[in-house]
Amino acid sequence: MTLIVLAINLLLDRITKLLASSYLEGQETISYFYNTIVLRYAENSGAFLSLGSNWPDIVKYTLLLAIPILACLYGLYYCAFKLTDKKLVIVIVSIIGGGLGNLIDRLLNDFRVVDFLNFGIGSVRTGILNVADMSVTFGIVFLLFYRFNGGTIKPKPEESTSQR
């Protein structure tokens with residue numbers, strides 16, 4: 001199940017970014033539902049809200065690429081082999097999938113992540129984001145909801161190696 005959820009997240013992110021690059025780059029902003037949803041092509045060379053975009057390359061590669069990739073790989077291992085709660089696996093792998101989607105952009109696009117979605121009402125708006133960002137955001141919201149409603153993160157019980 002871990003690989004299926006991961007693949008869905010990565011495919012949706014990749015496809016939407018390719019569509020945004022093909023149809024939105026260099027075009028005028030597109031608005032729907034009285035500016036509630038705005039499509040506008042942008043590239044982000046940092047992390048959340050361009051954090052770190054001006055950092056030296058070694059710091060960017062360490063803090064915004066290498067360490068997050070290692071954390072994502074460990075998280076996938078943990079979800080695949082340690083967690084028993086399927087809902088929790090879906091939520092955590094969605095967060096990881098979103099993170100990996102943006103890390104793939106950083107690797108393939110000289111640290112530039114494609115963003116194209118903006119939501120809001122009037123002057124209350126999100127930053128420009130992408131499907132990977134939504135996977136991370138919704139995953140964290142559901143994880144917090146899970147925890148505050150008494151859910152616990154329990155690893156699978158260790159299998160006994162002794163024979164009886």
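Within the stretch 1-38, which residues are crowded, with 17+ Cβ neighbours inside 10 Å and more than 27 Å from G75 (Cβ to Cβ)?
Within the stretch 1-38, L24, V38 meet the criteria.
Being surrounded by fewer than 11 Cβ atoms within 10 Å (Cβ to Cβ), modelled with pLDDT under 90 and β-branched (V, I, T), is that true of even one residue in the stretch 122-141?
No, because not a single residue in the stretch 122-141 is surrounded by fewer than 11 Cβ atoms within 10 Å (Cβ to Cβ), modelled with pLDDT under 90 and β-branched (V, I, T).
Looking at this structure, is L117 within 26 Å of L143 (Cα to Cα), without any contact (Cβ under 8 Å) to a residue 60 or more places away in the chain, surrounded by 13 or more Cβ atoms within 10 Å (Cβ to Cβ) and not charged (D, E, K, R)? Break it down stepwise before answering.
Numbers: within 26 Å of L143 (Cα to Cα): yes; without any contact (Cβ under 8 Å) to a residue 60 or more places away in the chain: no; surrounded by 13 or more Cβ atoms within 10 Å (Cβ to Cβ): yes; not charged (D, E, K, R): yes.
No, not satisfied.
Any residue at all in the stretch 97-108 that is in contact with a helix residue (DSSP H, G or I) (Cβ under 6 Å, 6 or more places away or on another chain) and farther than 20 Å from G52 by Cα?
yes
Kindly list, by first and then second residue, each pair from a residue in the stretch 124-135 that is closer than 13 Å to V38 by Cβ to a residue that is of a type in the set (K, R) and part of a strand (DSSP E or B), limited to pairs with Cβ atoms under 9 Å and residues at least 6 apart or on different chains.
Matching pairs, first to second residue: I128/R40.
What do you reckon, is D110 at pLDDT 90 or above and among the acidic types (D, E)?
Numbers: at pLDDT 90 or above: no; among the acidic types (D, E): yes.
Taking the combined requirement at face value, the residue does not satisfy it.
The values are calculated or read from the model by the stated rules, or taken from the named source; none is laboratory data. On a predicted model such as this, the values are computed, not experimentally measured, just so you know. Please note: Cβ atoms are built from the backbone with ideal geometry, for glycine as well, and neighbour counts cover all protein chains shown.
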